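We did not get these values from a lab; they are worked out from the coordinates using the rules stated. Remember, predicted model here, so these are calculated numbers, not experimental data. A quick note on method: Cβ atoms are made from the backbone with ideal geometry, for glycine too, and the neighbour counts reach across all protein chains shown.
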Amino acid sequence: MKSKRNLTRFTYETTAFQGWRLCLSRAGSTFTKYFSDKKYGGPKKSLAASETALDDLRQLVDSSRRVNGKLSQSTIRKAEKLLAAA
């Protein structure tokens, strides 16, 4: 499986973690979440979960209003809560 935009595949044999990393940067804020193969039941299921979370996060961040070119604090909290629930 290849990495995709905003999703990176981690399959290093020397580390304990194998799965996908979601990383999205917008307006000075970076959101990161790891989706483990072990937790989600395999690479395809963890990819599906990470793609769903990425779509929801993009929709939230891109439709939010900006304050002086940055994301508002309420938007940042909503995004962090969305990632925690994923």
With 10 angstrom as the radius, rank Ser3, Ser50, Ser64 by how many other C-beta atoms surround their C-beta, starting from the fewest. Ser3, Ser64, Ser50
Whole-Å distance linking the alpha carbon centroid of the range 16-54 with that of the range 56-71 is 20
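Name the trypsin sites (Lys or Arg not before Pro) in the range 1-46 that are in a loop by DSSP and that have at most 10 other C-beta atoms within 10 Å, would you? Please report the intermediate quantities before stating the final value.
Details: sites: Lys2, Lys4, Arg5, Arg9, Arg21, Arg26, Lys33, Lys38, Lys39, Lys44, Lys45; in loops: Lys2, Arg5.
For trypsin sites (Lys or Arg not before Pro) across the range 1-46 that sit outside H, G, I, E and B with at most 10 neighbouring Cβ atoms in 10 Å, the list reads Lys2, Arg5.
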With +1 at each Lys and Arg Cβ and -1 at each Asp and Glu Cβ, the charge dipole magnitude of the chain around its Cα centre, to the nearest 20 debye, comes out at 160
Please tell me the relative contact order of the range 7-85 in percent, rounded to the nearest whole number, where contacts are Cα pairs under 8 Å and at least six residues apart. 24
Nearest 10, in degrees from 0 to 90: the angle of helix 73-85 to the longest Cα principal axis of the chain is 20
For the chain, please report how many Lys pairs fall under 27 Å Cα to Cα, leaving out neighbours fewer than 8 apart on the same chain. 28
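In deg cm²/dmol and to the nearest 500, what is the mean residue ellipticity at 222 nm of the chain if only DSSP H runs of at least 4 residues count, each as -39500 (n - 2.57), divided by the residue total?
Details: 3 runs with 37 residues, N = 86.
Counting only the DSSP helices, I get -13500 deg cm²/dmol.
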With Cα atoms, 0 to 90° folded angle of helix 43-62 axis to the chain main axis: 10
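List the chymotrypsin sites (Phe, Trp or Tyr not before Pro) within the range 1-47 that DSSP assigns to loop and that have no more than 16 neighbouring Cβ atoms inside 10 Å.
Those satisfying the criteria are Tyr12, Phe17.
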